[in-house]
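Here is the structure we will look at, set down as structure tokens.
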Amino acid sequence: MTKILEPSLLSFDLKNMQSNLFEVKQLGISQIHYDVMDNKFVPNTAFDTEWLDLLHQNGFDISIHFMVEQPREWIKRFISFKGIKAITFHPEPINKKETLDLLKFIKDNKILAGIALKPDTNIFEYQDVLKECDLVTVMGVQPGFGGQKFMPITIDNLKIFAEIKNKLNPKLIIQLDGGVNFDVLKQTYHHVDWFVSGSFLMKYNGNKKDIIDYFKNLK
């Protein structure tokens, strides 16, 4: 499976969006991470649908992460937009049946579907759900704010997800979101397929190509 480094829209300069999109495209990046927050499930707000058309028009695939209390209502608003490659949502505020129904709804719309889990969520409670997922978003920080430091517990969590993938769902895409930097890339490379990079990539003081080259040369 091809490894992907996807910049988070949270770290873009929204006043210079077109310039930022041109910059990441020049780096060979084709996928953007799109966070949605409702100020209820997490104490912050992020994007609604306002940037989806622009991202699609610029040729980017979009990976959406919903951090909301009522994921079905939010996802129904987004589902018809073009360019959406994957959607993950948090199952913690809803029940298991609703989670499985929502995964099916997303898949029926020809979009990769998955769940996102907070660092302290009991992963084993969701093993049966993970069997039905195309991907899982593993949080390396508490959801809600960019620029946080990577939580060491995430390494143990990733190992658990890797075991579940090997045993129950070999095609599962493991996406790491939060706290990614050079060291985290190296430590987690063998367990992760998609890396979400916010401040690390978009606010890097040096040449961003150094990050891309480092990522490509990891083994």
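The values are calculated or read from the model by the stated rules, or taken from the named source; none is laboratory data. The structure presented is a predicted model; accordingly, all values stated were derived computationally and were not measured. Because the Cβ atoms are built from the backbone with ideal geometry, glycine has one as well, and the counts that use them run over all protein chains shown. The protein model used for the area step is the full one, side chains on, heavy atoms only, and it has no ligands, DNA or RNA in it. Shrake-Rupley method; radii C 1.70, N 1.55, O 1.52, S 1.80 Å.
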For a label point 7 Å along the Cα-to-beta-carbon line of K40, residues of region 64-96 with backbone N under 11 Å: 68-74
Once R0 is set to 22 Å, what does the formula 1/(1 + (r/R0)^6) return for the Cβ-Cβ distance between D213 and Q142, expressed as a FRET efficiency to the nearest 0.05? 0.10
Inter-label distance, nm, simple model (7 Å from Cα along the C-beta direction), K3/I79: 3.5 nm
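Within region 3-97, report the trypsin sites (Lys or Arg not before Pro) that DSSP leaves as loop and that have at most 16 other Cβ atoms within 10 Å. Kindly include the intermediate steps, with their values, before the conclusion.
Values: sites: K3, K15, K25, K40, R72, K76, R77, K82, K85, K96, K97; in loops: K3, K40, K82.
Of the trypsin sites (Lys or Arg not before Pro), the ones in loops of region 3-97 whose Cβ has at most 16 other Cβ atoms within 10 Å are K3, K40, K82.
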Contact order relative to length for the chain, counting C-alpha pairs under 8 Å separated by 6 or more residues, stands in percent at 20 percent
Ignoring any ligand, DNA or RNA, what whole percent of the accessible area of region 164-219 comes from carbon and sulfur when the probe is 1.4 angstrom? 48 percent
Amide N proximity, region 189-204 versus L168 label position 7 Å along Cα-to-Cβ, cut-off under 20 Å: 191-194
Radius of gyration and maximum dimension Dmax of the chain, Cα, Å: 16.1, 47
Which of the residue pairs K167/K219; K82/K167; K40/K167 have a Cα-Cα distance greater than 27 Å in the structure shown? K82/K167; K40/K167
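First measure r as the distance between the Cβ atoms of K15 and Y189, then evaluate 1/(1 + (r/R0)^6) with R0 = 41 Å and state the FRET efficiency to the nearest 0.05.
Numbers: r = 34 Å, r/R0 = 0.83.
It comes to 0.75.
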